[in-house]
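The values are calculated or read from the model by the stated rules, or taken from the named source; none is laboratory data. Everything numeric here is computed off the predicted structure, so don't read it as measured data. For neighbour counting, all protein chains shown are included, and Cβ atoms are generated from backbone atoms with ideal geometry for every residue, glycine included.
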Amino acid sequence: MKMTFRWDPSLPDNMLKNIAQVPCIKGVVSELKVPVGEVWPLNEIIKLKKLIESHGLEFEVVESVKVHESIKLGLAERDIYIENFCTTLRNLATTGIKVVCYDFMPVFDWLRTGTRMLPDGSTTMVYDEQDLDKVDPFRNEFALSDWEVVFSYEELRHLFAIYKTISIEDMWSNLAYFLRKVVAVAEESNIKLGMHPDDPCWPIYGLPRIITDETNIDRMLAIVDSPYNALTLCSGSLGCNRHNNIATLVRKYGAMNRIAFGHVRNIKFMSEGRDFQETSHYAESGSLDIVDIMRAYHEVKFDGYIRPDHGRMIWGEKGKAGYGFYDRALGAMYLSGIWDAFEKK
């Protein structure tokens, strides 16, 4: 197992120095700030790689290369964007990238409805269905979502209107079209593609989401039966659905050699419904059995990449919600400690 840490290149370079001081971290997961659908320039990838390596860290995992909406919608121009995606893979392979994380979520990536101060004074992200119902999706009011593109009011209405004509089966067909073209290039490039599950793993505002559970993951992996068509197994994204047993999924897909990348984080259910909040990685803080999840990775002899996913804001830190440095650093050490205990048992 290789412990990695996500770093946003829009942050100051000295953050890399801080990451390098966390003993268990071997490499950084990062990306280029390139408009969705455009080719990542080789010279910019090399520049980013040299910057990361200058701090004694590896750069072997990209998160993420975004998939253009035209591909998800199956529009006439999708082949242009698929070819751009393939060219980006070839450029990344030139610099030694081994894994590319991506997703197939329509319009926006992960979504939360707000932040909450916990009794210990830390701040975390929450998902509350009642709060979601109060938000106007056409006005970019998702303060806590990972927008792939900042759309205008008119663009969002247009996109939502097109998606109303797209069924779940249409999404599957469009995903299959995409995978059958890009996985072959991934194989040639020796880059594993890690599909990130939908977060949260159910439809939002009627937009179709298809990477949500074991059945759908099986279907995705079967489209192209190749270890290069793999999974970014995110415990928080899948774990917010009580029916998804994360340790069971790790054991299954790890044994199949179909996990390219592991995101490990904890969440706590706040109701009998879908409401949840993010917590520290510590098992007792949340509803997921983090120890058993790490045990499962160890049992399948996982030798790929793992990172501590979202973190709270602690010790007075200010920054992007979900990406507190201190809490994620604690998470990296906690996960590594669990792994070491299994190694030395």
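Which helices (runs of 4 or more DSSP H) sit wholly inside segment 58-177 and have at least 3 residues that are out of contact with any Phe, Trp or Tyr (no Cβ under 8 Å at 6 or more places or on another chain)?
78-94, 129-133, 153-163
Tally the residues that are under 17 Å from D218 (Cβ atoms) and surrounded by fewer than 18 Cβ atoms within 10 Å (Cβ to Cβ), restricting the search to segment 151-172.
Looking only at that region, the number is 3.
Take segment 201-216 and flag every residue that is touching a helix residue (DSSP H, G or I) at 6+ places or on another chain (Cβ under 7 Å) and within 16 Å of H263 (Cα to Cα).
The answer is C201, I211.
Which of the residues belonging to segment 17-37 are within 23 Å of Y102 (Cα to Cα) and outside any strand (DSSP E or B)?
Matches in segment 17-37: I25, K26, E31, L32, K33, V34, P35, V36, G37.
Restricting to segment 184-207, count the residues that are surrounded by fewer than 20 Cβ atoms within 10 Å (Cβ to Cβ) and not hydroxyl-bearing (S, T, Y).
Qualifying residue count, segment 184-207: 9.
Only one residue in N245, N257, N266 is buried (at least 24 other Cβ atoms within 10 Å of the Cβ) and free of Cβ contacts under 8 Å to residues at least 40 places away in the same chain, so which one is that?
Result: N266 is the single residue among N245, N257, N266 that is buried (at least 24 other Cβ atoms within 10 Å of the Cβ) and free of Cβ contacts under 8 Å to residues at least 40 places away in the same chain.
Looking at (1) in a helix (DSSP H, G or I); (2) in contact with a Phe, Trp or Tyr (Cβ under 9 Å, 6 or more places away or on another chain), which is the one condition that is false for L238?
All conditions are met except number (2).
In segment 41-92, which residues are touching a residue at least 40 places away in the same chain (Cβ under 8 Å), of a type in the set (S, T, Y) and over 26 Å from Y305 (Cα atoms)?
Listed by number, the list holds a single entry, Y81.
Just to verify a result, which residue in segment 208-227, among those that are modelled with pLDDT of 95 or more and surrounded by 20 or more Cβ atoms within 10 Å (Cβ to Cβ), is farthest from F302 (Cα to Cα)?
Among those residues, the one meeting the criterion is I210.
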